[in-house]
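Trainee: I'd like to ask some things about the structure below.
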Amino acid sequence: MMQSKSSTGLHVAIIMDGNGRWATVRGLPRVSGHRAGVTAVRRVVEHAPGLGIRALTLYAFSSDNWARPPQEVQSIFWIIRAFLRLECERLRQQGARLEVIGRRDRIPLPLLREIERTESITAEGGSLHLRIAIDYSAQTSIAVALATAASQTSRHQPLSAESVRAIVTHTLTAGSGNVDLLIRTGGEQRLSDFLLWESAYAELVFTPRMWPDFDESDLAAALGDFNHRERRFGAIPSSLDQSAPSLMENAQ
Ligand code: FPP
C-alpha cells in the first residue's frame, strides 16, 4: 500500500457527493444512496491509517443542507446515528478518535447523545482522528473563531493581525492540522463552504466517482495523485532558488 510522504501522516478531507444521483440512476429513492454511502464511509475509515492518513474529515451534512426536504434531512441524521451506534466499538478497537465538527444546537437530541457517547468512548484513539462535519459551514466556523479572537482583545491593546490569524488557526485546526488533500466525489468542482481556512494550501482532487462507489483503490489513487504534486506553499522550487546553498557547497 502506498504511504504518504509525511512522517506524521496526512490530513485528508472528503466532500462525499453523489449519493442522490447514485440512487436515482438505479431507480431507488435518494435515501438508498445515503445508506450506500455509509458502506463507503466504513471502507475509507478502515483503510485510511494504512494509507498514511492520520486525520480524516468527512462532510456529512452542511448547514445549507437544511434546505432539503425534511424527510431527507431526518433520514440522513438517522443514518449517521445508526452508523455511530453500530461502529462505535469497532472505531474504538481500531484506535480511531471521533470528533464531530459544526453547530450542535440544531442537531436532534438522539443523534447528539450518540455523538457525545461515541466521542467519549473513542477519546483515547491514537491511530486516526476521524472528524465528521455535521451542520457545518466553514464561513460560520471562521466567524466563530474570529469572535473568539475578538473576545481576547481589549480596546487599549488590539490584537495584531498575526495574533488573530494564530488564534483562528488554533481554534479551527487544533489536533487535526491543516488539510493536505481535499477530495470531492460526484463530479462537481467546488468547495461548498467546507474547510475554507484549513484548506489554504490543500491539494484538490475532483473525481467523477459517485460517493457510494468510492473505495480504497480510489482513495489510494487520489493519494498517488497527491504524492506527484509539488507543494511549494508560495515559494519557488528549491532547484531554482539561487540563494539556497548548492549541492557542492553542502558537500564541503
Ligand atoms: C451528498 O450527496 C451527500 C450528503 C448530503 C449526505 C452524506 C451522508 C452520508 C454519506 C451518510 C453517512 C455519513 C456518515 C458520516 C456515516 P447528495 O445527496 O448531494 O448527492 P447528489 O448530488 O447526487 O444529489
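Trainee: Taking other Cβ within 10 Å of each residue's Cβ, how do R42, R30, R231 sort, fewest first? Let's see the in-between values first.
Mentor: Details: R42 14, R30 19, R231 11.
The order, fewest Cβ neighbours first, is R231, R42, R30.
Trainee: Using Cα atoms only, what is the angle between the long axis of helix 70-94 and the major principal axis of the chain, expressed in degrees (0 to 90) to the nearest 10?
Mentor: 60 degrees
Trainee: Report, in degrees rounded to the nearest 10, the 0 to 90 angle that the Cα long axis of helix 216-227 makes with the longest principal axis of the chain.
Mentor: So the inclination is approximately 20 degrees.
Trainee: Return the whole-Å distance between the Cα centroid of region 67-145 and the Cα centroid of region 161-192.
Mentor: Region 67-145 and region 161-192 have Cα centres spaced 18 Å from each other.
Trainee: Between R26 and L204, what is the label-to-label distance in nm when each label sits 7 Å out along the Cα-to-Cβ direction?
Mentor: Label-label distance for R26 and L204, simple model: 2.9 nm.
Trainee: Could you tell me what a quarter of the Cα convex hull surface of the chain works out to, in nm² with one decimal place?
Mentor: On the way: hull surface 70.8 nm².
The number I arrive at for the chain is 17.7 nm².
Trainee: Here's a follow-up. How far, in degrees from 0 to 90, does helix 30-47 lean away from the longest principal axis of the Cα atoms of the chain, to the nearest 10?
Mentor: Approximately 40 degrees, to the nearest ten.
Trainee: Here's another thing I want to ask about it. Let me know the shape class of region 72-208, please: from the alpha-carbon gyration tensor, a ≥ b ≥ c as square roots of the eigenvalues, rounded when a/c is under 1.5, otherwise prolate if a/b is greater than b/c, or oblate.
Mentor: Prolate, since a/c reaches 1.5 and a/b exceeds b/c.
Trainee: Still on this structure, I have one more. Please work out the FRET efficiency for the pair S120 and W78, using the Cβ-Cβ distance as r and a Förster radius of 22 Å; give the result to the nearest 0.05. Let's see the in-between values first.
Mentor: On the way: r = 21 Å, r/R0 = 0.97.
That gives a FRET efficiency of 0.55.
Trainee: Once you have all Cα-Cα distances for region 180-227, histogram them in 10 Å bins from zero and send the whole-percent values.
Mentor: Per 10 Å bin, starting at zero, the Cα-Cα P(r) for region 180-227 comes out as 26, 55, 19 percent.
Trainee: If exposed means no more than 13 neighbouring beta carbons inside 10 Å and the site is in a DSSP loop, what's the longest run of the chain without any exposed GluC sites (Glu not before Pro)? Walk me through the numbers before you get to the answer.
Mentor: Details: sites that count: E124, E188, E230.
Answer from the scan: 1-123.
Trainee: Please report the relative contact order for the chain, taking Cα pairs under 8 Å with a sequence separation of at least 6, and give it as a percent rounded to a whole number. Let's see the in-between values first.
Mentor: Details: 379 pairs, mean separation 65.6, N = 252.
26 percent.
Trainee: I want to verify a result. In a Gaussian network model of the chain, Cα cutoff 10 Å, which of these has the top mean-square fluctuation: D225, D215, D241?
Mentor: Looking only at D225, D215, D241, the largest GNM fluctuation is found for D241.
Trainee: Right, next: Under the Karplus relation 6.51 cos²θ - 1.76 cosθ + 1.60, θ = phi - 60°, what is the ordered set of whole-Hz ³J(HN,Hα) values for region 112-121, x standing for Gly and Pro?
Mentor: Couplings: 4, 4, 5, 4, 5, 5, 5, 4, 6, 5 Hz.
Values in this text are rule-based calculations from the coordinates and carry no lab data. Computed from a prediction, not measured in an experiment: that's the story for all the values here. Counting neighbours? That spans all protein chains shown, and the Cβs are built from the backbone with ideal geometry, glycine included.
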